[in-house]
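Colleague: My questions will all concern the structure given below.
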Amino acid sequence: MFDVSELVQPDQGLINPSIYTDPEIYQAELERVFARSWLFLAHDTQLPKPGSFVQTYMAEDPVLVVRQRDGSVKAFLNQCRHRGMRICRADEGVARAFTCTYHGWGYNLAGELVNVPMQDRAYHDDIDKAKWGPTRVPRLHNHKGFIFGTWDESAPSFEDYLGDMVWYFDALADRYDAGLTLVPGATKWVIDCNWKFAAEQFASDMYHVPSSHASALVALIEDPAILAEFQAQSAAAPGRQYAGNGHGSGFALRPDLVPTQAGPDFDAWVVANREQIYRRIGEQRALAVNGHNTVFPNFSWLTINNTMRVWHPRGPGQIEVWSWTYLPKDADERAKQAVRTSTIRTFSAAGVFETDDGENWTEIQQVLRGHQARKTTFNARMGLGHERHGTDGMPGGVTDDMYTEMAARGMYRRWADLMSGLSWPEITDRDEARQQGEQEAHRA
Ligand code: FES
Ligand SMILES: [Fe+2]
């Protein structure tokens, strides 16, 4: 048995590395973190018509997400109740029904068992099909095209779960009149590292960029003048970091929407649509909130790189990354191509930044095979005691610098609360008390 209070001390910024390696802790995470949180399932554009489906995972559980005939979406475990085979083995497609390939039980789009081969002869008509459908994901929520689900009936509403993070999320989800679309198909790859390294970095870590990505920056930005300006900007601009409810967002403060990393073809489209973007999310947010983000536990995106992903856990030492490139739905082809190219170069299985990041995470994971290496304590104390609130009128706990680990501490706090087995009302009460305390400390 493990004692959560010995594993992480978020208020001190201390981490025991066994949280990244211990199989028992990992099994507890599946139950206490992933089965109780809201998890990203699919984007609306992946389910264009009745019968459209995608297969995804909620942690290690395979799940089918299906557009119903009435336009609504349902999700259920991709597991046949006869012997547990997958009901559907395709990643995505359009179906009228799902038939298990083992013995042929058939399910409709809503996940109800509707056909049992040889029902009369083999079962003597003695099977109540209504009782033998796959386990349903009981709660779904569609936030501006992003479909989330949770197994936990007692979890807070999705809005309460997001809290102030919605303001940062909407810098992505609500940016354009026509909304977003995904480049078809997820890119998927496996990395030998714990899921928390990836989730935490996207929540909280701008600090690694100048060193981890030094060579990539040089390689990508051919013009030394632009590189020098970029480096001077990121050194000078304080940026901001948001932390709340386990989520995190961090970004530099930019003077203009362009140049983007996608280059001139995309920039031309952005300039032509600048007023629209400002009208939808406000100039301050459009300019500023252009960085790294994680919705707890494992849904992350980089606004400036047009990539979003889920870090599906695969044991304590492995993740499957599912990554998408997203685009403004009504952008012209040249703009879309520019985004696709830049995302492939930066954040894809072979992208220069992506491989830098994965290299660090797998290295740490390998170091943690060592007996002594697992006995150390990690330092997550950056910016501790210097947290700020309400900087620039941005909602929630916002520091006045992006170089801090406030959001990492927030993530481990939520993790610890869930892992301790606290009920959702207890967690919510604690969070509210903390936030109030922080606000009062800030006013004092
Ligand atoms: S396992 Fe699905 S029909 Fe037997
Ligand atoms: Fe990185």
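Colleague: From the list Thr181, Thr187, which residue is open to solvent by less than 40 Å² (accessible area, probe 1.4 Å), away from ligand 2 (no atom under 16 Å from the Cβ) and among the polar types (S, T, N, Q)?
Modeller: Going through Thr181, Thr187 in turn, the sole match is Thr181.
Colleague: Of the residues Asp429, Asp401, which is touching a Pro at 6+ places or on another chain (Cβ under 7 Å) and either at positive phi or among the charged types (D, E, K, R) (or both)?
Modeller: Result of the check over Asp429, Asp401: Asp401.
Colleague: Another one. Is it the case that some residue within region 161-175 is within 16 Å of ligand 2 (Cβ to nearest atom), not in a loop (DSSP other than H, G, I, E, B) and not aromatic (Phe, Trp, Tyr)?
Modeller: no
Colleague: Restricting attention to region 77-89, which residues are within 23 Å of the chain's Cα centre (by Cα) and surrounded by fewer than 22 Cβ atoms within 10 Å (Cβ to Cβ)?
Modeller: Across region 77-89, the qualifying residue is only Leu77.
Colleague: Could you please find all residues in region 112-147 being more than 29 Å from Met58 (Cβ to Cβ) and loosely packed, with under 13 Cβ neighbours inside 10 Å?
Modeller: Listed by number, the residues that qualify are Met118, Asp120, Arg121, Ala122, Tyr123, His124, Asp125, Asp126.
Colleague: Would you mention how many residues in region 238-282 are without any contact (Cβ under 8 Å) to a residue 24 or more places away in the chain and within 30 Å of Asp431 (Cα to Cα)?
Modeller: 1
Colleague: Within region 420-431, is even one residue touching a strand residue (DSSP E or B) at 6+ places or on another chain (Cβ under 7 Å), in contact (Cβ under 8 Å) with a residue 24 or more places away in the chain and either part of a helix (DSSP H, G or I) or surrounded by 12 or more Cβ atoms within 10 Å (Cβ to Cβ) (or both)?
Modeller: Taking region 420-431 and keeping what is touching a strand residue (DSSP E or B) at 6+ places or on another chain (Cβ under 7 Å), we get none.
Among the residues of region 420-431, not one is touching a strand residue (DSSP E or B) at 6+ places or on another chain (Cβ under 7 Å), in contact (Cβ under 8 Å) with a residue 24 or more places away in the chain and either part of a helix (DSSP H, G or I) or surrounded by 12 or more Cβ atoms within 10 Å (Cβ to Cβ) (or both), which makes the answer no.
Colleague: Asn293: at positive phi, touching a residue at least 24 places away in the same chain (Cβ under 8 Å) and crowded, with 19+ Cβ neighbours inside 10 Å, yes or no?
Modeller: Working: at positive phi: no; touching a residue at least 24 places away in the same chain (Cβ under 8 Å): yes; crowded, with 19+ Cβ neighbours inside 10 Å: yes.
No: the conditions fail for Asn293.
Colleague: Out of (1) out of contact with any Lys or Arg (no Cβ under 7 Å at 6 or more places or on another chain); (2) crowded, with 16+ Cβ neighbours inside 10 Å, the odd one out for Gln27 is which?
Modeller: With (1) out of contact with any Lys or Arg (no Cβ under 7 Å at 6 or more places or on another chain); (2) crowded, with 16+ Cβ neighbours inside 10 Å applied to Gln27, the lone miss is (2).
Colleague: In this structure, does Ala349 turn out to be touching a Phe, Trp or Tyr at 6+ places or on another chain (Cβ under 6 Å) and within 15 Å of ligand 2 (Cβ to nearest atom)?
Modeller: Working: touching a Phe, Trp or Tyr at 6+ places or on another chain (Cβ under 6 Å): yes; within 15 Å of ligand 2 (Cβ to nearest atom): yes.
When the stated conditions are applied, Ala349 passes them.
Colleague: Go through region 61-116 and count every residue that is among the aliphatic types (A, V, I, L, M), away from ligand 1 (no atom under 13 Å from the Cβ) and not in a strand (DSSP E or B).
Modeller: Adding up the residues that qualify gives 5.
Colleague: Please go through region 322-346 and give me each residue that is within 16 Å of ligand 2 (Cβ to nearest atom) and buried (at least 23 other Cβ atoms within 10 Å of the Cβ), ordered by number.
Modeller: Residues satisfying the conditions are Ser342, Thr343.
The values are calculated or read from the model by the stated rules, or taken from the named source; none is laboratory data. Note that this is a predicted model, so its numbers are computed, not measured. In this analysis, Cβ positions are derived from the backbone assuming ideal geometry, glycine residues included, and neighbour counts consider all displayed protein chains. Protein only, heavy atoms only, side chains kept; ligands, DNA and RNA dropped before computing areas. Shrake-Rupley method; radii C 1.70, N 1.55, O 1.52, S 1.80 Å.
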